[in-house]
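K.L.:
Dropping the structure in here first, questions after.
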């Protein structure tokens, strides 16, 4: 029983460290990019996701903002992106808000993949290495599922 308690504690520490690490990394990148280039890192990545947002059905005047939220979710987690969305809902159209809200309700992000891999590694190093080999495929599949969900909402909105 004691071993399971210790494993659970190690798992909780791993999850907390991953969440803090990814959020801190994005905050650092955003502040650095703002200081050097006068544009945040997530806004810059938003331009990369803008075509995907457009294909999902987001109105053209909202694609950069929605792309930025998509990037924020991918790099950090859905809670950070939802907090950012809460502050921008007044500036987004209803359709864009519906699409991005559906997209954000998933665990498709680097933080979750890191948590899964780190958690498995804390229990079994061998199995953790096996999971790590497929982590990018897992992230791609989960992200595509999120895009599909948002696209379906865009079709019916």
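K.L.:
Checking the conditions here, which among 29, 44, 11 is within 20 Å of residue 109 (Cβ to Cβ), at pLDDT 90 or above, touching a helix residue (DSSP H, G or I) at 6+ places or on another chain (Cβ under 6 Å) and surrounded by 14 or more Cβ atoms within 10 Å (Cβ to Cβ)?
P.N.:
Going through 29, 44, 11 in turn, the sole match is 29.
K.L.:
Okay, moving on. Go through the stretch 115-146 and give me each residue that's under 15 Å from the mean Cα position of the chain (by Cα), in contact (Cβ under 8 Å) with a residue 60 or more places away in the chain and closer than 26 Å to residue 6 by Cα.
P.N.:
Correct list: 115 only.
K.L.:
For the stretch 67-102, which residues satisfy the criterion of being more than 16 Å from residue 43 (Cβ to Cβ) and touching a residue at least 60 places away in the same chain (Cβ under 8 Å)?
P.N.:
94, 95
K.L.:
Against the condition out of contact with any helix residue (DSSP H, G or I) (no Cβ under 7 Å at 6 or more places or on another chain), within 21 Å of residue 51 (Cβ to Cβ) and assigned to a helix (DSSP H, G or I), how does residue 142 come out, does it pass?
P.N.:
When the stated conditions are applied, residue 142 passes them.
K.L.:
Filter the stretch 59-114 for residues that are surrounded by fewer than 17 Cβ atoms within 10 Å (Cβ to Cβ), under 12 Å from the mean Cα position of the chain (by Cα), assigned to a helix (DSSP H, G or I) and at pLDDT 90 or above and give the result.
P.N.:
82
The values are calculated or read from the model by the stated rules, or taken from the named source; none is laboratory data. Keep in mind that what you see is a predicted model, and the values were worked out from it rather than measured. In this analysis, Cβ positions are derived from the backbone assuming ideal geometry, glycine residues included, and neighbour counts consider all displayed protein chains.
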